[in-house]
Amino acid sequence: MNALFFTGALIATFAGSHILHAQELEQPVKTNKTPRSVISAGAFGGIQTLTYQLTNKGVRSIGLSGGGGVGYAFHITRTLSVSAGAELSNYTASLVYNALSNQVYRNGGVRFNYSITEYWESQTALWLDVPILIRLTVPTGVGRHAIRFAGGVKFGLPANLQYTWSVKGHKTLSAILDYESMEYDFNAIFPPNTAAALPEQTGRLLLNTSIQLAAEVTYCLPVFAQSALSLSAYFSYGLNNIQNPKKKQLVTYSTADADLRNKPPQYTYNGSILNTAFASSIRTFALGLKLQLEWGL
(Lines give C-alpha, C1' and ligand atoms only; values in the text may rest on other atoms or scores of the structure.)
Protein backbone atom coordinates (compact mmCIF):
# COMPACT_ATOMS: atom_id res chain seq x y z
CA MET A 1 0.00 0.00 0.00
CA ASN A 2 2.80 2.33 0.93
CA ALA A 3 4.61 1.33 -2.24
CA LEU A 4 1.54 2.08 -4.34
CA PHE A 5 1.07 5.42 -2.58
CA PHE A 6 4.74 6.30 -3.09
CA THR A 7 4.61 5.24 -6.73
CA GLY A 8 1.41 7.28 -7.29
CA ALA A 9 2.89 10.31 -5.56
CA LEU A 10 6.06 10.04 -7.67
CA ILE A 11 4.04 9.79 -10.89
CA ALA A 12 1.88 12.78 -9.87
CA THR A 13 4.96 14.83 -8.95
CA PHE A 14 6.65 14.00 -12.27
CA ALA A 15 3.50 14.80 -14.25
CA GLY A 16 3.02 18.09 -12.41
CA SER A 17 6.64 19.03 -12.94
CA HIS A 18 6.35 18.17 -16.63
CA ILE A 19 3.22 20.31 -17.03
CA LEU A 20 4.83 23.25 -15.18
CA HIS A 21 7.96 22.98 -17.28
CA ALA A 22 5.85 22.94 -20.47
CA GLN A 23 4.01 26.09 -19.32
CA GLU A 24 7.33 27.83 -18.63
CA LEU A 25 8.54 26.95 -22.11
CA GLU A 26 5.32 28.14 -23.69
CA GLN A 27 5.62 31.71 -22.37
CA PRO A 28 8.93 32.57 -24.13
CA VAL A 29 7.50 31.18 -27.37
CA LYS A 30 4.68 33.70 -27.15
CA THR A 31 7.09 36.49 -26.22
CA ASN A 32 9.58 35.62 -28.96
CA LYS A 33 6.98 35.15 -31.65
CA THR A 34 8.06 37.09 -34.72
CA PRO A 35 5.42 39.53 -36.00
CA ARG A 36 4.35 38.97 -39.59
CA SER A 37 4.57 42.67 -40.48
CA VAL A 38 6.88 45.40 -39.16
CA ILE A 39 6.76 49.14 -39.78
CA SER A 40 9.69 51.42 -39.04
CA ALA A 41 10.70 55.07 -38.94
CA GLY A 42 14.12 56.58 -38.48
CA ALA A 43 16.94 58.90 -39.52
CA PHE A 44 20.40 58.39 -40.98
CA GLY A 45 23.55 60.30 -41.79
CA GLY A 46 27.16 60.02 -42.91
CA ILE A 47 28.88 60.29 -46.27
CA GLN A 48 26.06 61.13 -48.69
CA THR A 49 27.71 62.41 -51.83
CA LEU A 50 27.84 62.53 -55.62
CA THR A 51 30.87 60.93 -57.24
CA TYR A 52 32.05 61.97 -60.72
CA GLN A 53 35.10 62.29 -62.93
CA LEU A 54 36.49 65.72 -63.84
CA THR A 55 38.74 66.70 -66.74
CA ASN A 56 41.37 69.47 -66.85
CA LYS A 57 42.66 68.81 -63.29
CA GLY A 58 39.43 69.57 -61.46
CA VAL A 59 39.27 68.46 -57.82
CA ARG A 60 36.11 66.98 -56.27
CA SER A 61 35.30 66.87 -52.53
CA ILE A 62 32.89 64.46 -50.85
CA GLY A 63 29.88 65.67 -48.89
CA LEU A 64 28.36 64.79 -45.51
CA SER A 65 24.60 64.80 -45.14
CA GLY A 66 21.66 62.63 -44.10
CA GLY A 67 17.94 62.04 -44.29
CA GLY A 68 15.05 60.07 -42.89
CA GLY A 69 12.24 57.79 -43.91
CA VAL A 70 9.75 55.04 -43.19
CA GLY A 71 9.66 51.36 -44.10
CA TYR A 72 7.57 48.21 -44.13
CA ALA A 73 8.82 44.63 -43.81
CA PHE A 74 6.97 41.35 -44.35
CA HIS A 75 8.33 38.20 -42.73
CA ILE A 76 8.23 35.15 -44.99
CA THR A 77 9.74 33.07 -42.18
CA ARG A 78 11.01 33.95 -38.74
CA THR A 79 14.43 34.84 -40.17
CA LEU A 80 13.69 35.79 -43.80
CA SER A 81 11.84 38.98 -44.71
CA VAL A 82 11.38 41.47 -47.53
CA SER A 83 11.26 45.23 -46.93
CA ALA A 84 10.40 48.36 -48.90
CA GLY A 85 10.42 52.01 -47.92
CA ALA A 86 10.50 55.67 -48.81
CA GLU A 87 13.43 57.86 -47.78
CA LEU A 88 14.33 61.49 -48.38
CA SER A 89 18.10 61.40 -48.88
CA ASN A 90 20.29 64.45 -49.33
CA TYR A 91 23.54 64.14 -51.30
CA THR A 92 26.17 66.88 -51.42
CA ALA A 93 29.49 67.46 -53.18
CA SER A 94 31.74 70.30 -54.32
CA LEU A 95 34.47 70.90 -56.88
CA VAL A 96 37.24 73.37 -57.57
CA TYR A 97 39.17 74.33 -60.69
CA ASN A 98 42.19 76.51 -59.97
CA ALA A 99 42.36 77.33 -63.67
CA LEU A 100 40.55 76.49 -66.88
CA SER A 101 42.93 78.00 -69.39
CA ASN A 102 42.48 78.61 -73.10
CA GLN A 103 39.07 76.96 -73.41
CA VAL A 104 37.29 77.36 -76.72
CA TYR A 105 33.64 78.06 -77.45
CA ARG A 106 32.65 77.36 -81.06
CA ASN A 107 29.59 78.77 -82.77
CA GLY A 108 29.45 78.38 -86.53
CA GLY A 109 32.46 80.06 -88.00
CA VAL A 110 33.54 81.83 -84.77
CA ARG A 111 35.84 80.48 -82.04
CA PHE A 112 36.18 82.35 -78.76
CA ASN A 113 39.18 81.57 -76.51
CA TYR A 114 38.73 82.26 -72.81
CA SER A 115 40.31 81.44 -69.47
CA ILE A 116 38.81 80.95 -65.98
CA THR A 117 40.57 81.24 -62.62
CA GLU A 118 39.30 79.66 -59.38
CA TYR A 119 35.98 78.18 -60.39
CA TRP A 120 34.13 76.80 -57.34
CA GLU A 121 30.86 74.86 -57.34
CA SER A 122 28.76 72.94 -54.81
CA GLN A 123 25.87 70.57 -55.47
CA THR A 124 22.95 69.69 -53.20
CA ALA A 125 20.71 66.87 -54.41
CA LEU A 126 17.60 65.79 -52.51
CA TRP A 127 16.31 62.40 -53.72
CA LEU A 128 13.30 60.26 -52.93
CA ASP A 129 14.94 56.87 -52.47
CA VAL A 130 12.82 53.70 -52.60
CA PRO A 131 14.80 50.76 -51.14
CA ILE A 132 13.72 47.15 -51.79
CA LEU A 133 15.74 44.74 -49.63
CA ILE A 134 15.87 41.05 -48.77
CA ARG A 135 16.72 40.62 -45.08
CA LEU A 136 18.12 37.73 -43.04
CA THR A 137 17.73 37.96 -39.25
CA VAL A 138 20.08 35.95 -37.03
CA PRO A 139 19.15 35.69 -33.30
CA THR A 140 22.07 36.27 -30.94
CA GLY A 141 20.71 33.91 -28.27
CA VAL A 142 20.12 36.75 -25.81
CA GLY A 143 16.39 37.43 -25.50
CA ARG A 144 15.10 38.92 -28.72
CA HIS A 145 18.39 40.58 -29.62
CA ALA A 146 19.34 39.87 -33.22
CA ILE A 147 21.70 40.80 -36.05
CA ARG A 148 20.14 41.44 -39.45
CA PHE A 149 21.78 41.41 -42.87
CA ALA A 150 20.04 43.08 -45.81
CA GLY A 151 20.80 43.61 -49.48
CA GLY A 152 19.02 44.80 -52.57
CA VAL A 153 18.49 47.90 -54.69
CA LYS A 154 17.37 51.50 -54.29
CA PHE A 155 15.59 53.60 -56.87
CA GLY A 156 16.41 57.30 -56.50
CA LEU A 157 13.99 59.85 -57.90
CA PRO A 158 15.24 63.48 -58.15
CA ALA A 159 13.24 65.75 -55.85
CA ASN A 160 15.18 69.01 -55.50
CA LEU A 161 18.59 69.34 -57.17
CA GLN A 162 20.57 72.59 -57.04
CA TYR A 163 24.04 73.95 -57.65
CA THR A 164 25.88 77.11 -56.60
CA TRP A 165 29.01 78.41 -58.31
CA SER A 166 31.33 81.39 -58.32
CA VAL A 167 34.30 82.48 -60.47
CA LYS A 168 37.16 84.61 -59.24
CA GLY A 169 38.14 85.61 -62.75
CA HIS A 170 36.85 85.23 -66.31
CA LYS A 171 38.83 86.63 -69.20
CA THR A 172 38.13 86.57 -72.95
CA LEU A 173 41.42 86.16 -74.79
CA SER A 174 40.58 86.23 -78.47
CA ALA A 175 38.08 85.48 -81.21
CA ILE A 176 38.84 83.79 -84.51
CA LEU A 177 36.48 84.45 -87.41
CA ASP A 178 36.92 81.69 -89.94
CA TYR A 179 34.97 83.53 -92.63
CA GLU A 180 37.27 86.55 -92.25
CA SER A 181 40.45 84.49 -91.75
CA MET A 182 41.55 86.72 -88.91
CA GLU A 183 41.95 86.70 -85.12
CA TYR A 184 40.88 89.43 -82.71
CA ASP A 185 43.32 89.69 -79.78
CA PHE A 186 41.30 91.31 -77.00
CA ASN A 187 44.39 91.95 -74.87
CA ALA A 188 45.48 94.37 -77.60
CA ILE A 189 42.05 95.70 -78.55
CA PHE A 190 40.69 96.36 -75.01
CA PRO A 191 43.65 97.09 -72.73
CA PRO A 192 43.73 96.47 -69.86
CA ASN A 193 41.86 93.23 -70.54
CA THR A 194 41.37 92.28 -66.90
CA ALA A 195 39.62 89.18 -65.61
CA ALA A 196 36.08 89.79 -64.31
CA ALA A 197 34.99 88.22 -61.01
CA LEU A 198 31.52 86.62 -61.07
CA PRO A 199 29.58 86.37 -57.78
CA GLU A 200 27.75 83.28 -56.56
CA GLN A 201 24.87 82.11 -58.70
CA THR A 202 22.40 79.30 -58.01
CA GLY A 203 20.45 77.15 -60.43
CA ARG A 204 18.71 73.84 -61.01
CA LEU A 205 20.87 70.78 -61.47
CA LEU A 206 19.76 68.34 -64.17
CA LEU A 207 20.30 64.66 -63.26
CA ASN A 208 18.47 61.44 -64.06
CA THR A 209 16.95 58.66 -61.93
CA SER A 210 19.48 56.65 -59.95
CA ILE A 211 19.57 52.86 -59.50
CA GLN A 212 21.72 51.90 -56.52
CA LEU A 213 23.14 48.74 -55.01
CA ALA A 214 22.28 48.82 -51.28
CA ALA A 215 23.35 46.84 -48.20
CA GLU A 216 22.80 47.10 -44.44
CA VAL A 217 24.03 45.38 -41.29
CA THR A 218 21.71 45.96 -38.31
CA TYR A 219 21.72 45.23 -34.58
CA CYS A 220 18.20 44.92 -33.16
CA LEU A 221 17.60 45.74 -29.49
CA PRO A 222 14.11 44.84 -28.14
CA VAL A 223 12.32 47.69 -26.40
CA PHE A 224 8.74 46.53 -25.80
CA ALA A 225 6.85 43.30 -26.53
CA GLN A 226 6.56 43.86 -30.30
CA SER A 227 8.98 46.74 -30.91
CA ALA A 228 12.71 47.18 -31.24
CA LEU A 229 15.36 49.84 -31.62
CA SER A 230 17.75 49.12 -34.49
CA LEU A 231 21.15 50.58 -35.33
CA SER A 232 22.39 49.97 -38.88
CA ALA A 233 25.54 50.55 -40.87
CA TYR A 234 24.40 51.21 -44.44
CA PHE A 235 26.03 51.44 -47.85
CA SER A 236 24.77 52.28 -51.33
CA TYR A 237 26.40 52.98 -54.68
CA GLY A 238 24.87 54.09 -57.96
CA LEU A 239 24.92 51.47 -60.68
CA ASN A 240 24.09 53.89 -63.50
CA ASN A 241 25.49 57.17 -64.74
CA ILE A 242 22.90 59.83 -63.84
CA GLN A 243 24.38 62.62 -65.96
CA ASN A 244 21.90 64.24 -68.33
CA PRO A 245 22.94 63.26 -71.89
CA LYS A 246 22.18 66.76 -73.20
CA LYS A 247 25.52 68.31 -72.29
CA LYS A 248 25.91 72.08 -72.57
CA GLN A 249 28.81 74.41 -73.13
CA LEU A 250 29.92 75.87 -69.79
CA VAL A 251 30.20 79.31 -71.41
CA THR A 252 28.25 80.63 -74.39
CA TYR A 253 29.40 83.67 -76.37
CA SER A 254 27.17 85.90 -78.41
CA THR A 255 27.97 86.09 -82.10
CA ALA A 256 25.59 89.01 -82.56
CA ASP A 257 28.41 91.48 -81.92
CA ALA A 258 29.33 92.31 -85.48
CA ASP A 259 32.04 94.84 -84.64
CA LEU A 260 34.33 93.09 -82.16
CA ARG A 261 36.80 95.97 -82.40
CA ASN A 262 34.42 98.37 -80.65
CA LYS A 263 32.96 96.28 -77.81
CA PRO A 264 33.91 93.06 -76.01
CA PRO A 265 31.76 90.00 -76.77
CA GLN A 266 29.02 89.09 -74.31
CA TYR A 267 29.14 85.70 -72.58
CA THR A 268 26.81 83.64 -70.41
CA TYR A 269 27.40 80.73 -68.01
CA ASN A 270 24.96 77.93 -68.76
CA GLY A 271 24.77 76.09 -65.45
CA SER A 272 26.61 73.44 -63.52
CA ILE A 273 29.90 71.81 -64.51
CA LEU A 274 28.05 68.49 -64.10
CA ASN A 275 25.95 69.28 -67.15
CA THR A 276 28.99 69.87 -69.38
CA ALA A 277 31.74 67.75 -70.93
CA PHE A 278 34.06 68.70 -68.04
CA ALA A 279 32.31 66.03 -65.89
CA SER A 280 31.37 62.40 -66.51
CA SER A 281 30.21 59.19 -64.77
CA ILE A 282 28.07 60.87 -62.10
CA ARG A 283 26.79 58.45 -59.44
CA THR A 284 25.40 58.53 -55.91
CA PHE A 285 27.37 57.12 -52.96
CA ALA A 286 26.36 56.72 -49.32
CA LEU A 287 28.03 55.23 -46.24
CA GLY A 288 26.79 55.90 -42.72
CA LEU A 289 24.66 54.98 -39.71
CA LYS A 290 20.90 54.64 -39.40
CA LEU A 291 18.78 54.63 -36.22
CA GLN A 292 15.22 53.27 -36.43
CA LEU A 293 12.29 52.37 -34.19
CA GLU A 294 10.45 49.28 -35.40
CA TRP A 295 6.89 48.19 -34.48
CA GLY A 296 5.52 44.72 -35.02
CA LEU A 297 1.93 44.35 -36.23
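The values are calculated or read from the model by the stated rules, or taken from the named source; none is laboratory data. As the structure is a computational prediction, the values presented were derived from the model and not from experiment. Ideal geometry is used to build each Cβ from the backbone, glycine not excepted, and the neighbour counts take in all protein chains shown.
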Given (1) of a type in the set (D, E, K, R); (2) crowded, with 18+ Cβ neighbours inside 10 Å; (3) assigned to a loop (DSSP other than H, G, I, E, B), ASP259 misses just (2)
Go through the stretch 50-64 and give me each residue that's farther than 10 Å from ALA93 by Cα and hydroxyl-bearing (Ser, Thr, Tyr).
THR55
Residue check, VAL82 surrounded by fewer than 20 Cβ atoms within 10 Å (Cβ to Cβ) and either out of contact with any Ser or Thr (no Cβ under 7 Å at 6 or more places or on another chain) or in the same structural domain as TYR267 (by TED's automatic domain parsing) (or both):
yes
Exactly one condition in (1) farther than 19 Å from ALA196 by Cα; (2) surrounded by 15 or more Cβ atoms within 10 Å (Cβ to Cβ); (3) modelled with pLDDT under 95 is false for LYS290; which is it?
(3)
Being outside any strand (DSSP E or B) and within 30 Å of GLY66 (Cα to Cα) is the requirement here; does GLY288 meet it?
no
What are the residues in the stretch 105-164 that are within 30 Å of PHE224 (Cβ to Cβ), out of contact with any Lys or Arg (no Cβ under 8 Å at 6 or more places or on another chain) and of a type in the set (D, E, K, R), if any?
ARG144, LYS154
Which residue pairs have Cβ atoms under 8 Å apart, sit 6 or more places apart or on different chains, and have a first residue in the stretch 73-92 that is within 25 Å of GLN48 (Cβ to Cβ) and a second that is among the polar types (S, T, N, Q) and surrounded by fewer than 18 Cβ atoms within 10 Å (Cβ to Cβ)?
ALA73/SER37
Counted residues in the stretch 213-240 being over 14 Å from GLY152 (Cβ atoms) and surrounded by fewer than 16 Cβ atoms within 10 Å (Cβ to Cβ) come to 10
Which one is surrounded by the most Cβ atoms within 10 Å (Cβ to Cβ), of the residues in the stretch 158-184 that are modelled with pLDDT of 95 or more and charged (D, E, K, R)?
LYS171
LEU207 vs (1) surrounded by fewer than 18 Cβ atoms within 10 Å (Cβ to Cβ); (2) more than 26 Å from VAL104 (Cβ to Cβ); (3) in contact with a helix residue (DSSP H, G or I) (Cβ under 8 Å, 6 or more places away or on another chain): all pass except (1)
Quick check: anything in the stretch 229-243 part of a strand (DSSP E or B) and either in contact with a Cys (Cβ under 7 Å, 6 or more places away or on another chain) or outside the structural domain of GLY71 (by TED's automatic domain parsing) (or both)?
yes
What's the number of the only condition in (1) surrounded by fewer than 15 Cβ atoms within 10 Å (Cβ to Cβ); (2) at pLDDT 95 or above that ALA125 fails to meet?
(1)
